[in-house]
Structure formats: C-alpha cells, structure tokens
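First comes the structure, then the notes that go with it.
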Amino acid sequence: MSLTKNGRKLQALLQDARNIAVKERARLRQDVRKADLAVSDIYHDIEYSRNISFFNSGRTVKSLQAALKHRRKMKDELSNIEALMGALDRNILIENEEDSQ
C-alpha cells in the first residue's frame, strides 16, 4: 500500500525533524565537551593552586557550581534530543514499512 499525498508529506516532515535533531545532537555533544573542559579546568585550578584559602574558596566553589549546572543542562538537553530521535526513527521506520507493504 503506497502512502497518500498527506502520508508522504508527514514522512518528509518526520525526516526533516530528524535531520534537525541530528544537527542539534552534534551541537549539544560539542557543548557537553566544552562544559566538561570547563569543569576540568576548575578542578585543575584547585589541584595546582597554592593560593586557595577560606576567603577565596567561595568564588571557586561558585564557579564550579555554575559550570556543573551548565553541564547538567547540556546533558539533559542532549538526552531529550536523543529520545526525540528514537521516537522519530520509530515513526519513520513504521511509515517506511507501511509504504513497502
């Protein structure tokens, strides 16, 4: 059974959405890498600093907290995009299977 005109439009929209999601996933993966590097830089500053004291440690903790929150946000967005891609893949696969029958 072949797809109707609306079915083909829907399939094209699903494929377009998946293509956008692929690009967004790549961007988010890069953002997670950058966030990981920012956290790592702060850890290295803590590890190698000889000037850490009670008085300036608050700034370091705040910086680390902000970097970790940003990293978590990027990872959550990445997880959402990957879930969306899975759903799109299932729908595209279903549409393709119905088209081949």
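Annotations
- Residue within segment 82-99 that is modelled with pLDDT of 85 or more, touching a Leu at 6+ places or on another chain (Cβ under 8 Å) and open to solvent by less than 90 Å² (accessible area, probe 1.4 Å) present: yes
- Scan of segment 46-68 for residues that are among the β-branched types (Val, Ile, Thr), open to solvent by less than 80 Å² (accessible area, probe 1.4 Å) and assigned to a helix (DSSP H, G or I), ordered by number: 46, 60
- Odd one out for residue 43 among (1) hydroxyl-bearing (Ser, Thr, Tyr); (2) modelled with pLDDT of 85 or more; (3) open to solvent by less than 80 Å² (accessible area, probe 1.4 Å): (3)
- Only listed residue being open to solvent by 100 Å² or more (accessible area, probe 1.4 Å), closer than 18 Å to residue 89 by Cα and modelled with pLDDT of 90 or more, chosen from 9, 34, 23: 23
The values are calculated or read from the model by the stated rules, or taken from the named source; none is laboratory data. Bear in mind the structure is a predicted one, so any value in this text is a computation, not a measurement. Positions of Cβ are backbone-derived with ideal geometry, glycine not excepted, and every protein chain shown enters the neighbour counts. Side chains included, ligands, DNA and RNA excluded: accessible areas come from the protein's heavy atoms. Shrake-Rupley method; radii C 1.70, N 1.55, O 1.52, S 1.80 Å.
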